[in-house]
1. When chain B is modelled as a GNM with alpha-carbon springs shorter than 10 Å, which of B:Val260, B:Val146, B:Val279 fluctuates the most?
2. Let me see the P(r) profile for chain B: every Cα-Cα distance counted, bins of 10 Å, each bin given as a percent of all pairs.
3. My understanding is that a pair violates if its Cα-Cα distance is over 22 Å; which of B:Lys164/B:Lys262; B:Lys228/B:Lys270; B:Lys270/B:Lys434; A:Lys179/B:Lys50; A:Lys189/B:Lys360 do that in this structure?
4. Placing the label point 7 Å from Cα along the Cα-to-Cβ direction, what are the distances from B:Asp346 to the equivalent spots in the other copies, shortest first, in nm to one decimal?
5. Taking a spot 7 Å from the Cα of A:His194 along the direction of its beta carbon, which residues of segment A:166-181 have an amide N less than 19 Å from it?
6. Where does the charge balance sit around B:His93 when Lys and Arg score +1, Asp and Glu -1, over other residues with C-beta under 14 Å from its C-beta?
7. Helix by helix, which DSSP H runs in chain A go 15 Å or more along their axis at the Cα atoms and have an average Kyte-Doolittle hydropathy of -0.5 or more?
8. Amide H of A:Leu366: which non-local residues (sequence gap of 5 or more, or other chain) have their own amide H closer than 5 Å, using H built in the peptide plane?
There are 2 protein chains.
Amino acid sequence: MSDRSMILNLFFFNPQGDHRFSWRHPLSPTKEILTFGYYAKLVQAAEAAKFDAVFIADHVAVWDSVASGLRHYANARLEPITLLSALSAVTDHIGLMGTASTSYNDPFNISRYFASLDYISSGRASWNIVTSWLEEEASNFGLSGVARHGDRYLRADEFIHVVKRLWDSWEDDALSFDKPGGDFADPSKIHPIHHTGEHFRVRGPLNVPRPPQGYPVLAQAGSSEAGKNLAAAHADVHFCFISAVEEGLAYRADLNRRLVSKGREPGDLKIITGVLPVVLGNETEQERREQLEDSLTIDAVAIDLVSSYTRLDLTGLSPDGPLPALPDESEFDGIRTELALLKKYDPSLSIREIGRRLVKSSSTWLLIGTADQVARQLAELYESNAVDGYNLMFPFLPTDFENFVNGVVPLLQARGVFRNEYEPGTLRDRLGLKRPGNSFLL
Amino acid sequence: MSDRSMILNLFFFNPQGDHRFSWRHPLSPTKEILTFGYYAKLVQAAEAAKFDAVFIADHVAVWDSVASGLRHYANARLEPITLLSALSAVTDHIGLMGTASTSYNDPFNISRYFASLDYISSGRASWNIVTSWLEEEASNFGLSGVARHGDRYLRADEFIHVVKRLWDSWEDDALSFDKPGGDFADPSKIHPIHHTGEHFRVRGPLNVPRPPQGYPVLAQAGSSEAGKNLAAAHADVHFCFISAVEEGLAYRADLNRRLVSKGREPGDLKIITGVLPVVLGNETEQERREQLEDSLTIDAVAIDLVSSYTRLDLTGLSPDGPLPALPDESEFDGIRTELALLKKYDPSLSIREIGRRLVKSSSTWLLIGTADQVARQLAELYESNAVDGYNLMFPFLPTDFENFVNGVVPLLQARGVFRNEYEPGTLRDRLGLKRPGNSFLL
């Protein structure tokens, strides 16, 4: 194979899989989702398959503003930083990507958690930066509502700046360990950051030395204008939703322009797209699979999902009637990507039908077929240079994951687009990302 | 042995040991302090010796307000929550006690980290609650100075209340996992907490179910009036500094009165005292040990330590002259325990001599002797019921720890005051603590 490999991540938000009713699948875990063994086995299998990383999405609330949320939807989940830290101890190579919000944390703490995880894992830590859009989250942190979209991104920009400065606050060679001379460190290489901005005042330095990767890999999701600009300014990995070559090439060209305008180079930002991979034993299985997914779906949740994504109050409306007019995207404080998707739907669809579509795949590429078909489509999109790899959002865990590993990975390896073995080095090395210079030395 | 065992914890703040210059010891680790393997080996050895827990102290800053801090003192350390999470994956029994500050965190996040760690470790998590007194910490979180002592404790009380309510927000049997019926959970058993107080507004519920221990074990350090009252209101384990039977019995009686006044029972709070155990091969080694410790000490740090503990500016004063008048304890926002200790010193001591004493043992019991002598003194204080056990603050890691495990632990086991094997159950079970009831069901 070439010296490049596509990026393959095991993604999850629901520990039972990305289908909203994955918890109802006959083979899905139940109380095992609250045990470490479930995740250890899954991630060790992903490492055996040479995956780049496990990617854990997160919210800091339960989805309970709608009536169906608590009863029918899998709201219980472990916290990513603790879980990834534990996983680091039972793995050697796989990257550990975890979500933390810039809206509901302090930059000093986040900088320290990921620096510490980077040491514990010998350079495998990655922070997935989110600004958090869910109303339920704001009320767990003293706020009466989610901050405006633009304000969240301004805070995020300052937050990330502070986190990076703290990672830089110890130069790489600041530690002396000179026992006879009595010098533990060289004070001239340790820097308070003296940050004073709109949102934060942080003196520093951090109390963890500069991480092995310089900066843990910075991932960012969200394709709004503000999201793409944030990625171009700070991120190493951009998580988006692309399923076609031309769309992907245009998207990359757009991101490259933004990168250059921030003084960075095109290769500095890897593009990974979300995909729901479903590997069938043969083509006749598709109908059965669709019936299974349909049978798991609970309409009350589907309808509440429309309400949650549009921020429209749908109570009193017939679920079999049409949607009211959708809000304007530029004024929308929810997930703008999902709103844009909804606007593309056939306007004659009922609320219930829209909800059931959202349950199935939302804006994510549902890639269903035989192992050959799935491997070919993933390879072709990658070979076209539209994307650098995939966040694999298996609808049902562990079954869809196991089918993919057994069926698709060997085909990708045979085609030379996915590694056969891990190379030595950090996650950053593996992804082809530069180790960042220290901002105190520029 | 009886059905009780003394509590033995492997304590550390500096990963090289509790002596302030442990990093200079010829056998101390250097860059290994930034690798997981160093801690895994240490804590696995503590588990092999049947210790109750590893107890990680913490600050959220480096000690750099004094000139000597960065150069001569071991300021670099990993973060406790990430480190303990990783350690949970390579151990099966030992408790995982980690420090987190109520002054520089949000209760939702702390509640979630420790709930998640409690699941990952199958009921071994413990939160050591601190309010943080170091000036350097405040400036990393947007504050111009440390909050007043009393105010910190008022915030801590509310913080802990919110954390416990969040742990209670899912009743123990809230999860249904009813796949055919479509009920993931029973909404009537999941409670928003709707907390509105002086410091926090938190709606809840948590997005992690009630932890295996109900509440992870709550530890608290600090023997000020406010500290003892906070322990009596909330804590399961109180970490203090006692080295004599009468002192300990009086201390316990005082804490018991406070417990009763809070509606709790005397056995509800375990008392562990800090001790610096140094096991010598024979009595003639003591002088050599003292010479070693003296030779490691750097006077500049010793003098800065006096300044840090008294909050007095000592620049311009001769280090060989006396201390100026000490501040009044009731108005003091630093560590009141240390101030009280300093007031007991001979007033004719020079600043340098006081500093060198602080470096050696501060207010902690320095227990130096043969294995027989150390075991007998630990057993006697425990048998008198003055304390329930010990935070073992080994001056030099790993050597003092290894000497203790090889020499003292077998003697304590032979005497019947320390377990030979772990019993099944959670950390809470092992410590003889009740599983707390759910406040939503009272």
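The values are calculated or read from the model by the stated rules, or taken from the named source; none is laboratory data. What you see is a predicted model; the values in this text were computed from it and never measured. Every residue, glycine as well, gets a Cβ built from its backbone with ideal geometry; the counts of neighbours run over all protein chains shown. With ligands, DNA and RNA removed, areas are computed over all heavy atoms of the protein, side chains included. Shrake-Rupley method; radii C 1.70, N 1.55, O 1.52, S 1.80 Å.
1. For chain B, modelled as a Gaussian network with Cα springs under 10 Å, the answer is B:Val260.
2. The percentages, shortest bin first, are 4, 20, 31, 27, 13, 4, 1, 0, 0.
3. A:Lys179/B:Lys50; A:Lys189/B:Lys360
4. Nearest to farthest, the other copies are at 9.5 nm.
5. Within reach of a label on A:His194, which here means backbone N under 19 Å from a point 7 Å along Cα→Cβ, segment A:166-181 contributes A:166-171.
6. Local net charge: -1.
7. Qualifying helices: A:36-48, A:107-120, A:245-261, A:299-310, A:371-383.
8. HN-HN under 5 Å from A:Leu366: A:Leu276.
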